[in-house]
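Below is one structure, written out as structure tokens; the observations come after it.
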Amino acid sequence: MTQDELKALVGQAATAYVEPGSIIGVGTGSTVNCFIDALAKMPVPIKAAVSSSHASTERMRALGIEVLDANQVESLAVYIDGADEIDHAGHMIKGGGAALTREKIVADIAARFVCIADESKLVTTLGRFPLPIEVIPMAAAQIARRVRALGGEPALRAGVVTDNGGQIIDVRGLAITDPAAMEREINQWPGVVSVGIFARNKADLCLLGTAQGVRTLTF
Ligand code: 5RP
């Protein structure tokens, strides 16, 4: 199976975790796009979704799915999103699509995070995928200095402005052996909007697309 077929497989499988008539959280990316397409075909539709990006909002609205502002909901039963990397404890690197901050906000509202990913995303230690950090532009140079002091190699993602008006610094060369500690450390640097380590808001479950079918990992 190709990577795109695996994404379609887990996108479809994720609909089993969606209660018809409910309000759910929806992430961002090519795997989530497959999920949104499957969501729009559910026999009994959802009531509405809270979206983690303009891109997902547009796709959902085009398919007739109502999208609510995060401030309009008290809670969400489930949040469904992809990942750039996920480890065997459910910690993730996210933000390849620059939507990490809104993804973390929606994940935080939800009771359960269901990650959908193809098997190439499963890793032993996070950090092969460059770690995205969303920053306030005036802090970019100082945050790059802090990243170097931590042993990472920062690169500003050229031409990208996030949905929040932020910039993205991608960090190579970090072996993230303690995701929770590194998330806490980077989060408290002035000018960091959010870091793409999802340890505090880790996945509760991962639907992993493999050549043998969908593997369900619970954490
Ligand atoms: C966007 C994300 C995505 O979930 C992540 O980049 C995975 O994307 P894809 O499903 O296209 O591989 O974090 O900010």
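Considering only residues that are within 16 Å of ILE176 (Cα to Cα), open to solvent by 50 Å² or more (accessible area, probe 1.4 Å) and either in a strand (DSSP E or B) or among the charged types (D, E, K, R) (or both), which ones fall in region 147-158? Listed by number, the residues that qualify are ARG148, GLU153.
Reported count of residues in region 29-76, each being out of contact with any strand residue (DSSP E or B) (no Cβ under 7 Å at 6 or more places or on another chain) and under 23 Å from ALA117 (Cα atoms), is 16.
Taking region 71-96 as the range and being over 22 Å from CYS34 (Cα atoms), surrounded by fewer than 21 Cβ atoms within 10 Å (Cβ to Cβ) and not β-branched (Val, Ile, Thr) as the test, the residues that pass are ASN71, GLN72, GLU74, SER75, HIS88, ALA89. For region 81-101, check the following and say yes or no: at least one residue is within 13 Å of the ligand (Cβ to nearest atom), in a helix (DSSP H, G or I), touching a residue at least 40 places away in the same chain (Cβ under 8 Å) and of a type outside the set (Phe, Trp, Tyr). The answer is yes, given that some residue of region 81-101 is within 13 Å of the ligand (Cβ to nearest atom), in a helix (DSSP H, G or I), touching a residue at least 40 places away in the same chain (Cβ under 8 Å) and of a type outside the set (Phe, Trp, Tyr). Of the residues making up region 120-146, those that are within 16 Å of the ligand (Cβ to nearest atom) and either outside any helix (DSSP H, G or I) or touching a Gly at 6+ places or on another chain (Cβ under 6 Å) (or both) are LEU122, VAL123, LEU126, GLY127, ARG128, PHE129, PRO130, LEU131, PRO132, ILE133, GLU134, VAL135. No other residue among ALA117, ALA110 is more than 6 Å from the ligand (Cβ to nearest atom), closer than 21 Å to LEU6 by Cβ, of a type in the set (Gly, Ala, Ser) and modelled with pLDDT of 95 or more apart from ALA117.
Residues checked against (1) open to solvent by 20 Å² or more (accessible area, probe 1.4 Å); (2) within 16 Å of the ligand (Cβ to nearest atom); (3) touching a Gly at 6+ places or on another chain (Cβ under 9 Å):
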| residue | (1), (2), (3) |
| --- | --- |
| GLU5 | yes, yes, yes |
| VAL10 | no, yes, yes |
| THR28 | yes, yes, yes |
| ARG59 | yes, yes, no |
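Residue pairs whose Cβ atoms lie under 6 Å apart, sitting 6 or more positions apart in sequence or on different chains, and linking a residue in region 38-60 that is farther than 14 Å from ILE23 by Cβ and of a type in the set (A, V, I, L, M) to a partner that is part of a helix (DSSP H, G or I) and open to solvent by 70 Å² or more (accessible area, probe 1.4 Å), are ALA38/GLN12. For VAL114, the requirement of being within 30 Å of ASP170 (Cβ to Cβ) and in a strand (DSSP E or B) is met. Just so you know, in region 34-54 the residues that are open to solvent by less than 30 Å² (accessible area, probe 1.4 Å) and touching a Gly at 6+ places or on another chain (Cβ under 6 Å) include one that is nearest to ASN71 (Cα to Cα), and it is VAL50.
The values are calculated or read from the model by the stated rules, or taken from the named source; none is laboratory data. Nothing here was measured: the structure is a model prediction, and the numbers come from that model. Here the Cβ is made from the backbone with ideal geometry for all residues, glycine too, and neighbour counts use every protein chain on show. Just the protein is used for accessible areas: all its heavy atoms, side chains included, with ligands, DNA and RNA removed. Shrake-Rupley method; radii C 1.70, N 1.55, O 1.52, S 1.80 Å.
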